[in-house]
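Trainee: To start, I am sharing the structure in question, which I have written as C-alpha coordinates.
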Amino acid sequence: MTLSALLPSFINYLRVEKKYSEHTCISYSNDLTGFIQYCLSDFETEALSDVRHTFIRSWIVALMTENISPVTVNRKISALRTFYKWSLKKGHTSINPMVKITAPKRAKRLPIIVQDANISRLLEHNIDSASLQNPYAESRDTFMIEVLYSTGIRRAELVGLKVSDFNISRQEIRVVGKGNKVRSIPLTDELIAAFTSYIKERNEVNVDNVDMLFLTDKGKPMYPRLVHTIVSRKLSSITTLSKKSPHVLRHSFATHMLDRGADINAIKEILGHANLAATQVYTHNSIAKLKEAYTKAHPRSINKD
(Lines give C-alpha, C1' and ligand atoms only; values in the text may rest on other atoms or scores of the structure.)
Protein backbone atom coordinates (compact mmCIF):
# COMPACT_ATOMS: atom_id res chain seq x y z
CA MET A 1 0.00 0.00 0.00
CA THR A 2 1.38 3.41 -0.98
CA LEU A 3 0.99 6.76 0.74
CA SER A 4 -0.59 8.24 -2.40
CA ALA A 5 -3.22 5.50 -2.51
CA LEU A 6 -4.23 6.13 1.11
CA LEU A 7 -4.23 9.93 0.94
CA PRO A 8 -7.76 10.43 -0.53
CA SER A 9 -9.32 8.15 2.12
CA PHE A 10 -7.44 9.94 4.88
CA ILE A 11 -8.56 13.40 3.73
CA ASN A 12 -12.13 12.15 3.46
CA TYR A 13 -11.85 10.88 7.04
CA LEU A 14 -10.75 14.35 8.19
CA ARG A 15 -13.56 16.01 6.27
CA VAL A 16 -16.42 13.65 7.21
CA GLU A 17 -15.57 12.05 10.56
CA LYS A 18 -13.35 14.68 12.16
CA LYS A 19 -15.31 17.53 10.53
CA TYR A 20 -12.17 19.52 9.80
CA SER A 21 -12.61 22.69 7.79
CA GLU A 22 -11.94 22.60 4.06
CA HIS A 23 -8.96 24.88 4.59
CA THR A 24 -7.41 22.41 7.07
CA CYS A 25 -8.08 19.46 4.77
CA ILE A 26 -6.33 21.22 1.90
CA SER A 27 -3.35 22.07 4.13
CA TYR A 28 -3.03 18.45 5.31
CA SER A 29 -3.27 17.19 1.75
CA ASN A 30 -0.56 19.59 0.57
CA ASP A 31 1.72 18.74 3.52
CA LEU A 32 1.41 14.99 2.96
CA THR A 33 1.85 15.36 -0.78
CA GLY A 34 5.09 17.20 -0.09
CA PHE A 35 6.29 14.35 2.11
CA ILE A 36 5.37 11.78 -0.53
CA GLN A 37 7.31 13.68 -3.18
CA TYR A 38 10.30 13.88 -0.85
CA CYS A 39 10.23 10.11 -0.24
CA LEU A 40 10.07 9.43 -3.97
CA SER A 41 12.89 11.82 -4.86
CA ASP A 42 15.28 10.94 -2.02
CA PHE A 43 14.41 7.33 -1.18
CA GLU A 44 12.71 6.17 -4.40
CA THR A 45 9.73 4.72 -2.55
CA GLU A 46 6.41 5.77 -1.07
CA ALA A 47 5.32 2.35 0.16
CA LEU A 48 3.88 2.63 3.66
CA SER A 49 5.90 -0.40 4.78
CA ASP A 50 9.17 1.17 3.59
CA VAL A 51 8.93 4.49 5.40
CA ARG A 52 11.18 4.71 8.46
CA HIS A 53 11.63 7.37 11.09
CA THR A 54 14.94 8.25 9.43
CA PHE A 55 13.00 9.26 6.30
CA ILE A 56 10.91 11.64 8.34
CA ARG A 57 13.87 13.12 10.20
CA SER A 58 15.64 13.70 6.90
CA TRP A 59 12.52 15.42 5.55
CA ILE A 60 12.33 17.70 8.59
CA VAL A 61 16.00 18.65 8.20
CA ALA A 62 15.37 19.43 4.54
CA LEU A 63 12.44 21.68 5.46
CA MET A 64 14.48 23.54 8.07
CA THR A 65 17.34 23.94 5.59
CA GLU A 66 14.90 25.70 3.25
CA ASN A 67 14.32 28.25 6.04
CA ILE A 68 10.73 27.13 6.52
CA SER A 69 9.55 28.41 9.89
CA PRO A 70 9.26 26.01 12.86
CA VAL A 71 5.53 26.81 13.00
CA THR A 72 5.02 25.57 9.45
CA VAL A 73 7.28 22.55 9.98
CA ASN A 74 5.34 21.59 13.10
CA ARG A 75 2.09 21.83 11.17
CA LYS A 76 3.47 19.42 8.56
CA ILE A 77 4.65 17.04 11.28
CA SER A 78 1.20 17.22 12.88
CA ALA A 79 -0.39 16.26 9.55
CA LEU A 80 1.91 13.24 9.23
CA ARG A 81 1.32 12.27 12.86
CA THR A 82 -2.44 12.34 12.36
CA PHE A 83 -2.08 10.30 9.17
CA TYR A 84 -0.16 7.54 10.96
CA LYS A 85 -2.65 7.40 13.83
CA TRP A 86 -5.40 6.93 11.26
CA SER A 87 -3.36 4.27 9.39
CA LEU A 88 -2.84 2.31 12.61
CA LYS A 89 -6.53 2.54 13.47
CA LYS A 90 -7.55 1.32 10.02
CA GLY A 91 -5.00 -1.51 10.04
CA HIS A 92 -2.98 -0.20 7.10
CA THR A 93 0.22 -0.41 9.15
CA SER A 94 1.40 -1.89 12.43
CA ILE A 95 4.37 0.45 12.84
CA ASN A 96 4.24 4.16 13.63
CA PRO A 97 7.58 5.83 12.82
CA MET A 98 6.26 9.10 14.29
CA VAL A 99 6.86 7.85 17.86
CA LYS A 100 10.57 8.55 17.36
CA ILE A 101 9.98 12.04 15.95
CA THR A 102 10.36 15.18 18.06
CA ALA A 103 9.04 18.41 16.61
CA PRO A 104 11.40 21.42 16.53
CA LYS A 105 10.85 23.93 19.28
CA ARG A 106 9.12 27.15 18.37
CA ALA A 107 10.21 30.52 19.64
CA LYS A 108 7.60 31.80 22.07
CA ARG A 109 5.91 34.97 20.91
CA LEU A 110 3.65 36.98 23.16
CA PRO A 111 0.18 37.61 21.72
CA ILE A 112 -0.29 41.10 20.28
CA ILE A 113 -2.98 42.99 22.18
CA VAL A 114 -4.73 46.35 22.17
CA GLN A 115 -4.18 48.35 25.35
CA ASP A 116 -7.15 49.18 27.58
CA ALA A 117 -7.22 52.87 26.71
CA ASN A 118 -7.29 52.13 23.00
CA ILE A 119 -10.06 49.57 23.46
CA SER A 120 -12.22 52.29 25.00
CA ARG A 121 -11.58 54.49 21.97
CA LEU A 122 -12.28 51.57 19.64
CA LEU A 123 -15.68 50.96 21.17
CA GLU A 124 -16.76 54.58 20.93
CA HIS A 125 -19.49 55.20 18.36
CA ASN A 126 -17.68 57.63 16.10
CA ILE A 127 -19.76 58.68 13.10
CA ASP A 128 -17.93 59.77 9.96
CA SER A 129 -19.21 61.02 6.61
CA ALA A 130 -19.19 57.53 5.10
CA SER A 131 -21.27 56.24 8.01
CA LEU A 132 -23.96 58.85 7.37
CA GLN A 133 -24.40 57.41 3.90
CA ASN A 134 -24.66 53.84 5.23
CA PRO A 135 -25.94 53.78 8.82
CA TYR A 136 -26.36 50.00 8.76
CA ALA A 137 -22.67 49.44 7.94
CA GLU A 138 -21.62 51.70 10.81
CA SER A 139 -23.94 49.93 13.23
CA ARG A 140 -22.77 46.51 12.01
CA ASP A 141 -19.07 47.33 12.15
CA THR A 142 -19.26 48.80 15.65
CA PHE A 143 -21.32 45.89 16.96
CA MET A 144 -18.93 43.42 15.32
CA ILE A 145 -16.01 44.93 17.23
CA GLU A 146 -17.99 44.77 20.47
CA VAL A 147 -18.86 41.10 19.93
CA LEU A 148 -15.27 40.11 19.11
CA TYR A 149 -13.80 41.91 22.12
CA SER A 150 -16.58 41.08 24.60
CA THR A 151 -16.66 37.34 23.84
CA GLY A 152 -13.21 36.50 22.46
CA ILE A 153 -14.69 34.39 19.67
CA ARG A 154 -12.82 33.52 16.47
CA ARG A 155 -13.50 35.12 13.09
CA ALA A 156 -15.06 31.93 11.68
CA GLU A 157 -17.31 31.69 14.73
CA LEU A 158 -18.42 35.29 14.27
CA VAL A 159 -19.31 34.70 10.60
CA GLY A 160 -21.45 31.72 11.58
CA LEU A 161 -23.45 33.52 14.27
CA LYS A 162 -27.23 33.64 13.91
CA VAL A 163 -29.69 36.02 15.50
CA SER A 164 -31.19 33.05 17.33
CA ASP A 165 -27.82 32.31 18.94
CA PHE A 166 -28.38 35.32 21.22
CA ASN A 167 -30.47 34.30 24.23
CA ILE A 168 -31.35 37.57 25.93
CA SER A 169 -33.40 36.01 28.72
CA ARG A 170 -30.51 33.77 29.77
CA GLN A 171 -27.91 36.44 28.92
CA GLU A 172 -25.72 34.13 26.87
CA ILE A 173 -24.64 33.53 23.30
CA ARG A 174 -24.38 30.13 21.62
CA VAL A 175 -21.17 29.66 19.62
CA VAL A 176 -20.25 26.78 17.30
CA GLY A 177 -16.48 26.33 17.45
CA LYS A 178 -13.87 24.02 15.98
CA GLY A 179 -15.07 20.48 15.37
CA ASN A 180 -18.66 21.73 15.64
CA LYS A 181 -18.30 21.93 19.41
CA VAL A 182 -20.94 24.18 20.93
CA ARG A 183 -20.27 26.44 23.90
CA SER A 184 -22.15 29.22 25.67
CA ILE A 185 -20.60 32.57 26.53
CA PRO A 186 -22.14 35.05 29.01
CA LEU A 187 -23.44 38.36 27.66
CA THR A 188 -22.80 41.65 29.43
CA ASP A 189 -25.56 44.24 29.80
CA GLU A 190 -23.62 46.50 27.42
CA LEU A 191 -23.46 43.83 24.74
CA ILE A 192 -27.16 43.05 25.09
CA ALA A 193 -27.96 46.74 24.64
CA ALA A 194 -25.66 46.89 21.60
CA PHE A 195 -27.35 43.78 20.17
CA THR A 196 -30.81 45.30 20.54
CA SER A 197 -29.69 48.53 18.86
CA TYR A 198 -27.98 46.66 16.03
CA ILE A 199 -30.99 44.44 15.31
CA LYS A 200 -33.19 47.51 14.87
CA GLU A 201 -30.78 48.86 12.26
CA ARG A 202 -30.37 45.45 10.64
CA ASN A 203 -34.10 44.94 10.21
CA GLU A 204 -34.23 47.95 7.91
CA VAL A 205 -31.93 46.18 5.43
CA ASN A 206 -33.35 43.98 2.68
CA VAL A 207 -32.60 40.67 4.40
CA ASP A 208 -32.48 37.48 2.31
CA ASN A 209 -30.94 35.35 5.07
CA VAL A 210 -33.14 36.27 7.99
CA ASP A 211 -31.31 34.42 10.75
CA MET A 212 -27.68 35.27 9.90
CA LEU A 213 -26.52 37.90 12.39
CA PHE A 214 -23.99 39.81 10.30
CA LEU A 215 -24.75 40.82 6.74
CA THR A 216 -22.94 42.64 3.96
CA ASP A 217 -24.17 46.03 2.74
CA LYS A 218 -26.34 44.15 0.24
CA GLY A 219 -27.98 41.99 2.88
CA LYS A 220 -26.00 38.84 2.09
CA PRO A 221 -24.20 36.62 4.64
CA MET A 222 -20.97 38.05 6.02
CA TYR A 223 -17.72 36.42 4.83
CA PRO A 224 -14.32 36.12 6.60
CA ARG A 225 -12.32 38.46 4.38
CA LEU A 226 -14.76 41.33 4.92
CA VAL A 227 -14.58 40.80 8.69
CA HIS A 228 -10.79 41.12 8.54
CA THR A 229 -11.05 44.28 6.42
CA ILE A 230 -13.52 45.89 8.83
CA VAL A 231 -11.50 45.05 11.94
CA SER A 232 -8.24 46.19 10.35
CA ARG A 233 -9.79 49.52 9.36
CA LYS A 234 -11.20 50.05 12.84
CA LEU A 235 -7.94 49.15 14.57
CA SER A 236 -5.95 51.42 12.24
CA SER A 237 -7.86 54.39 13.58
CA ILE A 238 -6.71 53.85 17.17
CA THR A 239 -3.40 51.97 17.12
CA THR A 240 -0.14 51.56 15.20
CA LEU A 241 0.15 47.83 15.91
CA SER A 242 1.75 45.90 13.06
CA LYS A 243 -0.96 43.25 13.22
CA LYS A 244 -4.58 44.35 12.98
CA SER A 245 -6.77 41.25 12.76
CA PRO A 246 -9.83 39.83 14.53
CA HIS A 247 -7.49 37.53 16.49
CA VAL A 248 -5.86 40.58 18.09
CA LEU A 249 -9.21 41.31 19.75
CA ARG A 250 -9.40 37.69 20.92
CA HIS A 251 -5.91 38.02 22.42
CA SER A 252 -6.89 41.33 24.03
CA PHE A 253 -10.04 39.83 25.56
CA ALA A 254 -8.15 36.94 27.16
CA THR A 255 -5.27 39.07 28.43
CA HIS A 256 -7.50 41.77 29.90
CA MET A 257 -9.62 39.11 31.64
CA LEU A 258 -6.52 37.57 33.22
CA ASP A 259 -5.21 41.00 34.23
CA ARG A 260 -8.44 41.55 36.15
CA GLY A 261 -8.19 38.26 38.04
CA ALA A 262 -10.42 35.97 35.96
CA ASP A 263 -9.90 32.24 36.48
CA ILE A 264 -7.78 30.78 33.68
CA ASN A 265 -10.01 27.69 33.41
CA ALA A 266 -13.04 29.90 32.89
CA ILE A 267 -11.21 31.77 30.14
CA LYS A 268 -10.26 28.43 28.56
CA GLU A 269 -13.94 27.47 28.34
CA ILE A 270 -14.98 30.83 26.94
CA LEU A 271 -12.28 30.75 24.27
CA GLY A 272 -13.15 27.17 23.34
CA HIS A 273 -9.61 25.86 23.82
CA ALA A 274 -9.22 22.08 23.85
CA ASN A 275 -6.50 22.20 26.52
CA LEU A 276 -5.20 24.61 29.12
CA ALA A 277 -1.79 24.99 27.46
CA ALA A 278 -3.34 27.03 24.67
CA THR A 279 -4.77 29.45 27.22
CA GLN A 280 -1.65 29.72 29.36
CA VAL A 281 0.14 31.73 26.67
CA TYR A 282 -1.86 34.73 27.87
CA THR A 283 -0.39 34.49 31.36
CA HIS A 284 2.96 35.68 29.95
CA ASN A 285 1.47 39.07 29.12
CA SER A 286 0.02 39.31 32.61
CA ILE A 287 3.35 38.39 34.19
CA ALA A 288 5.08 41.02 32.06
CA LYS A 289 2.60 43.58 33.34
CA LEU A 290 3.27 42.53 36.94
CA LYS A 291 7.02 42.86 36.40
CA GLU A 292 6.52 46.34 34.99
CA ALA A 293 4.44 47.37 38.01
CA TYR A 294 7.07 45.90 40.35
CA THR A 295 9.90 47.73 38.62
CA LYS A 296 8.08 51.05 38.91
CA ALA A 297 6.78 50.69 42.45
CA HIS A 298 8.91 48.36 44.60
CA PRO A 299 11.43 50.18 46.83
CA ARG A 300 14.09 47.52 46.19
CA SER A 301 13.82 47.68 42.41
CA ILE A 302 17.19 48.57 40.88
CA ASN A 303 15.55 49.89 37.72
CA LYS A 304 13.78 52.77 39.42
CA ASP A 305 14.70 56.28 38.27
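The values are calculated or read from the model by the stated rules, or taken from the named source; none is laboratory data. As the structure is a prediction and not an experimental result, all values here were calculated from the model. Here the Cβ positions follow ideal geometry from the backbone for every residue, glycine too, while neighbour counts run over all protein chains shown.
Trainee: So how many residues does the stretch 186-229 have that are without any contact (Cβ under 8 Å) to a residue 60 or more places away in the chain, in a helix (DSSP H, G or I), surrounded by 14 or more Cβ atoms within 10 Å (Cβ to Cβ) and out of contact with any Ser or Thr (no Cβ under 9 Å at 6 or more places or on another chain)?
Mentor: Looking only at that region, the number is 3.
Residues are listed down the side, and each one gets a yes or a no for (1) surrounded by 13 or more Cβ atoms within 10 Å (Cβ to Cβ); (2) closer than 30 Å to Ser242 by Cβ; (3) touching a residue at least 40 places away in the same chain (Cβ under 8 Å):
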{"residue": "Ser4", "(1), (2), (3)": "yes, no, yes"}
{"residue": "Asn12", "(1), (2), (3)": "no, no, no"}
{"residue": "His53", "(1), (2), (3)": "yes, no, yes"}
{"residue": "Ser58", "(1), (2), (3)": "yes, no, no"}
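Trainee: Can I ask one more? Only one residue in Ala254, Ala278 is in a helix (DSSP H, G or I), without any contact (Cβ under 8 Å) to a residue 60 or more places away in the chain and under 14 Å from the mean Cα position of the chain (by Cα). Which one?
Mentor: Ala278
Trainee: Filter the stretch 176-185 down to residues that are part of a loop (DSSP other than H, G, I, E, B) and more than 14 Å from the chain's Cα centre (by Cα), then give me how many there are.
Mentor: Going through the stretch 176-185 one residue at a time, the tally reaches 1.
Trainee: On to the next question. For the stretch 29-71, give me each residue that is basic (Lys, Arg) and assigned to a helix (DSSP H, G or I).
Mentor: Arg57
Trainee: What about Ile26, is it within 30 Å of Val182 (Cα to Cα), free of Cβ contacts under 8 Å to residues at least 40 places away in the same chain and outside the structural domain of Gly177 (by TED's automatic domain parsing)? Spell out the reasoning first.
Mentor: Values: within 30 Å of Val182 (Cα to Cα): yes; free of Cβ contacts under 8 Å to residues at least 40 places away in the same chain: yes; outside the structural domain of Gly177 (by TED's automatic domain parsing): yes.
For Ile26, the condition - within 30 Å of Val182 (Cα to Cα), free of Cβ contacts under 8 Å to residues at least 40 places away in the same chain and outside the structural domain of Gly177 (by TED's automatic domain parsing) - is met.
Trainee: Does Ala47 satisfy the criteria of being more than 30 Å from Gly177 (Cβ to Cβ) and touching a strand residue (DSSP E or B) at 6+ places or on another chain (Cβ under 6 Å)?
Mentor: Working: more than 30 Å from Gly177 (Cβ to Cβ): yes; touching a strand residue (DSSP E or B) at 6+ places or on another chain (Cβ under 6 Å): yes.
Taking the combined requirement at face value, the residue satisfies it.
Trainee: Follow-up. Of everything in the stretch 257-275 that's small (Gly, Ala, Ser) and within 19 Å of Arg183 (Cβ to Cβ), which residue is farthest from the chain's Cα centre (by Cα)?
Mentor: Ala262
Trainee: When you check Thr142 against the structure, is it free of Cβ contacts under 8 Å to residues at least 40 places away in the same chain, of a type in the set (Val, Ile, Thr), assigned to a helix (DSSP H, G or I) and assigned by TED's automatic domain parsing to the domain that holds Ser120, yes or no?
Mentor: no
Trainee: Continuing with this model, one more query. Kindly establish whether Leu158 is within 28 Å of Asp116 (Cβ to Cβ), touching an Asp or Glu at 6+ places or on another chain (Cβ under 7 Å) and of a type in the set (A, V, I, L, M).
Mentor: When the stated conditions are applied, Leu158 does not pass them.
Trainee: Identify, from the list Lys234, Lys244, the residue that is in a loop (DSSP other than H, G, I, E, B), assigned by TED's automatic domain parsing to the domain that holds Gly272 and of a type in the set (D, E, K, R).
Mentor: Lys244
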